[in-house]
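Please treat every number below as a calculation from the coordinates, not as lab data. All values reported here derive from a predicted model rather than from experimental measurement. No Cβ is skipped: glycine too gets one built from the backbone with ideal geometry, and neighbour counts run over all protein chains shown.
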Amino acid sequence: MVSPRVPCPCRACDEPVPVRTPRETMSTVHKLTAVVMVIVAAVLAVFTSSQTLVPTTTRVPVTSKLLPAVDLSATPAGWVPVAFGNAQVSVPSTWWVLYNSPPCPSGSPPGEVFVNPLPGVFHCPAETSPGPSTTVRFGPPTSPHSTVLGHPEVINGIFAYLYPTGSPRSYLVPSLGVEITVDGPLGQRVLHTLTWSPRSVVLAPGSLPAIPSSWRYVSFAGLRFSVPANWPITRIQVTPGLGAMCQRQGVVFSGTTVTLSTDRHPLLVVLCPLFPSTPQPPENGVQVDSGLRTEPTVTLSLSAHCLVLHGLTACPATSPAYSILVVRMNVPGRSKPVFVSIGLAGNGMVARTILYSMRRA
C-alpha cells in the first residue's frame, strides 16, 4: 500500500520543486521495484519456512523457533477433537466417525465425519433411511497441486482455500496438508473448529521442552524416558494392540497409562459387537512394544525423515496419523527395533516432552 503524499512543513510554499529528467525517473522506479521484490521474497520465505520438511536425519532441535499452537478454545463444549496428520477439527460427541472407508453416508441422523476416506469415485448405495443432516470429509488433498483456488478464508489463523471448480463446500488447507469438505447445517461450524493437531506440535522443529521436576523416569527395553509421576505403569507379556479393544485401532488410547510389553504372546482376538463408532476423546499415554517388528493391529507407514534423540534413531509413522504417534526406535545393542506409541491429547506438549526425553537406559 502506498502512503499518501504529505507536503513537507519546512519547505516554503514558493520554493521551486526540482524537476527530474526521464533518466533519473526511470532509475528511481528501478530502485523501488528492487525494494518491492526484496520485501516479497522475505514474506514468501516466512510462509514457506513453516512448511519445510525435516531432513532425513535430524538431530534434536535446539532453535527457538515458535511451535504450532493447538487452539483448544476452537472445540465447543460437548464436542470431541478428531485429528488427521497436522490438522484437527471437532465434531459433536453423538456423530459417527468412520476411518479409511468409502465416503458413503451410513445413516446417522445427527451427522457423520469421514476421516482419511478412501480415494476414488464410489457409487454409494441408495439410502433406505434419512441420511445424516451434516457430513464432513477430512483427509489428504485430492488435488494437492491445484492452481485454481478461491479467495482464502482465515480460520483460527489458518488459510483455507475454497475449490471453485471442485466439490461444493470443499476447502484446501495447504499449511496443514488436508482437504475438508462440509455439507449440511453444521458444516461451517465444524470447519471453523479447524486448528493444528497435537501431532504437529510434537514433531515440529523447535526448542527442547523442559522436563517437569514432578515427573519420574521409566526404564524398559534399553530405553529411559520421563512421564508424569501419577501415571500408572503396567508390565505385560501379551501384545496389547494399539488402542481400546473393539474400537478402531491406531486412533486413540483407552486411558492415560504407561504400558510396557515384551510381546511374548500374541494379541488376544475378541469378537466385538457391531455398533456405531462415535468420536473417541484423545488420551495421553505411552506404550512400548519391545518384541515386535511391526504393530500387529495396524499397518504402519514409516517416514524417511527420522530424528536423532540422544543417540537414538527415531522414525515416526506417517500412517496411521490420528491421535496416537507411533515411533520406531533403533536402540544401540538391540537386534530388534522398539516401537514407542505416544498418545496425542490437549496441546501436544505432554507428548512432545515424553518423546524428547527418550534416551538409552
- Query: Given a cut-off of under 8 Å on Cα pairs at least six residues apart, what relative contact order in percent is computed for the range 306-353?
  - Reply: 26
- Query: Which length gain, in nm to one decimal place, applies between S101 and Q247 when the Cα-Cα distance is subtracted from 0.36 nm times their residue separation?
  - Reply: 51.1 nm
- Message: Need one number: nm distance between label points at R360 and E153, each 7 Å from Cα along Cα→Cβ, rounded to one decimal.
- Response: 5.3
- Backbone HN-Hα couplings from phi across the range 337-347 [Karplus 6.51/-1.76/1.60, Hz, Gly and Pro as x]: x, 10, 9, 10, 10, 10, x, 10, 9, x, 8
- Message: Between R189 and I236, what is the label-point separation in nm under the 7 Å Cα-to-beta-carbon projection?
- Response: 3.8
- Query: Residue farthest toward the positive end of the dipole of the range 202-360, with Cβ of Lys/Arg at +1 and Asp/Glu at -1: which of A317, Q280, V252?
  - Reply: A317
- Message: Residue by residue through the range 148-163, what is 3J(HN,Hα) from phi via Karplus (6.51 cos²θ - 1.76 cosθ + 1.60, θ = phi - 60°)? Round to whole Hz and write x for glycine and proline.
- Response: 9, 10, x, 5, x, 10, 8, 10, 6, x, 10, 7, 10, 10, 6, 7
- Amide H to amide H under 5 Å from S357: which residues, 5+ apart in sequence or cross-chain, H placed 1.01 Å off N in plane? S226
- Spin-label proximity, H123 to the range 68-104 - amide N less than 19 Å from point 7 Å beyond Cα toward beta carbon: 102-104
